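The values are calculated or read from the model by the stated rules, or taken from the named source; none is laboratory data. The structure displayed is predicted, hence computed values, not measured ones. Because the Cβ atoms are built from the backbone with ideal geometry, glycine has one as well, and the counts that use them run over all protein chains shown.
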Amino acid sequence: MTVTGNGPLSGVRVVELAGIGPGPFAAMTLADLGADVVRVDRPGGAGLGIDPAYDLTNRNKRSVLIDLKTEEGVARVLDLVERADILVEGYRPGVTERLGLGPKECLERNPRLVYGRMTGWGQDGPLAERAGHDIGYIAVTGALSMIGAAEEAPALPANLLGDYAGGALYLVIGVLAALQHARTPDGAGQVVDAAIVDGTAHLTTMIHAMMAAGGWQDRRGSNLLDGGSPFYGSYETSDGQYMAVGALEQRFYNEFVELLGIAGELPARKDFARWDELRDAVAARFKKRTRAEWTAVFEGSDACVAPVLSLREAPAHPHLAARSTFTDHAGLTQPAPAPRFSATPASVRRPPARPGADAAEVARDWGLPVRDGASEPTG
């Protein structure tokens, strides 16, 4: 088997209209997998408000600087679109249409283009024109209601659940599926409407199934996987750190309580009426030792117990280090591309793109026309 280091999407060209949040993350994922992603940055910037050198969502990309509010700028983007396989944009519905870069104009220029649209509410519906953020999107889907302790306000999962899981990754799935269709003999380009509310709702499919079957109560902290179970949750240690317990199956639970040192002292795990008593006993025991000590106790076991690490601690975890789950590139420690491929491994090839820095290189590689005598037509 021949192995290449270019990633499985080598040869795929992507135009990204600069934005923040899930759109750039989706484009980064495509770039990680080997796609040639050209980010169209606007004068004045549209990023995280940090030094672009640290914006890891722009790694493996190249950037050109174009003013989309000018006819010349629109023409330059359409030149890119003509040569692209995928376009990613994350504006409110109707914005690219007003700019002259909507699906109609782009698909007329390139009938096989996959036009990926990333929004919170979607392209239609009563809230389509409204502003929003991750917390609101996951709130209306029911997902937020499941997270946290029963007697407390819902816990916030940063913006990982909505923006990135329900949004960016569904956009990636969508544009790659549409690209597969576009490349069939009778295929054509199309618009992919990736709404965070749709993707997040889709993520709750198994929970809806369990609820329909009577195996899930529609209230927080009352179920097997949401903190209701005393053998699926986090427990504080003597040094103020935490251990995560996921001993769901009986044989794993047996090993868990044996290593915890309280086997035979507990009520039966299926005695739901005594779950509070069981939880208190487990919590009290974990308070006897530090996180490091408990990590050593459960090391090499099938008790399904792990230390709760911080973001800075995670790269040094022995398993993650052995798998190179994190990588160092250009002086920045960062998550490595995922998933993994045996024949076309992905990699971090370029540091975060600096706005407009790659205009001449992109013009050369994409065969862009020179406009008005400019030597760097896309910058």
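Here is how the numbers come out for the structure above:
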item: Selection count where residues are more than 33 Å from the chain's Cα centre (by Cα) and either surrounded by 18 or more Cβ atoms within 10 Å (Cβ to Cβ) or over 13 Å from Phe256 (Cβ atoms) (or both), scope the range 282-292; result: 5
item: Of all residues in the range 106-128 being touching a helix residue (DSSP H, G or I) at 6+ places or on another chain (Cβ under 7 Å) and assigned to a helix (DSSP H, G or I), the one that is farthest from Gly166 (Cα to Cα); result: Arg109
item: Selection status of Thr295, among the β-branched types (Val, Ile, Thr), under 32 Å from the mean Cα position of the chain (by Cα) and either within 23 Å of Met28 (Cβ to Cβ) or in the same structural domain as Val38 (by TED's automatic domain parsing) (or both); result: no
item: Check on Ala363, at pLDDT 95 or above and over 20 Å from Val38 (Cβ atoms); result: no
item: Filtered residues of the range 129-149 (kept if surrounded by 12 or more Cβ atoms within 10 Å (Cβ to Cβ), among the aliphatic types (A, V, I, L, M) and part of a loop (DSSP other than H, G, I, E, B)); result: Ala143, Ile147, Ala149
item: Some residue of the range 307-326 being under 23 Å from the mean Cα position of the chain (by Cα) and at pLDDT below 95; result: no
item: Residue among Pro339, Pro351, Pro318 that alone is closer than 17 Å to Ala27 by Cα, free of Cβ contacts under 8 Å to residues at least 24 places away in the same chain and out of contact with any Ser or Thr (no Cβ under 6 Å at 6 or more places or on another chain); result: Pro339
item: Members of the range 95-105 that are out of contact with any Phe, Trp or Tyr (no Cβ under 6 Å at 6 or more places or on another chain) and in contact (Cβ under 8 Å) with a residue 12 or more places away in the chain; result: Thr96, Leu99, Gly100, Leu101, Glu105
item: Test: residue in the range 133-150 that is touching a Gly at 6+ places or on another chain (Cβ under 7 Å), without any contact (Cβ under 8 Å) to a residue 40 or more places away in the chain, under 30 Å from Gln217 (Cβ atoms) and assigned by TED's automatic domain parsing to the domain that holds Ile20; result: no
item: Residues of the range 84-104 classified as surrounded by fewer than 17 Cβ atoms within 10 Å (Cβ to Cβ) and assigned to a helix (DSSP H, G or I), total; result: 4
item: The range 278-292 residues that are within 14 Å of Gly227 (Cα to Cα), paired with ones that are surrounded by 14 or more Cβ atoms within 10 Å (Cβ to Cβ) and aliphatic (A, V, I, L, M) (beta carbon under 9 Å, 6 or more apart); result: Leu278/Leu266; Val282/Val245; Val282/Val257; Val282/Leu260; Val282/Ile262; Val282/Leu266
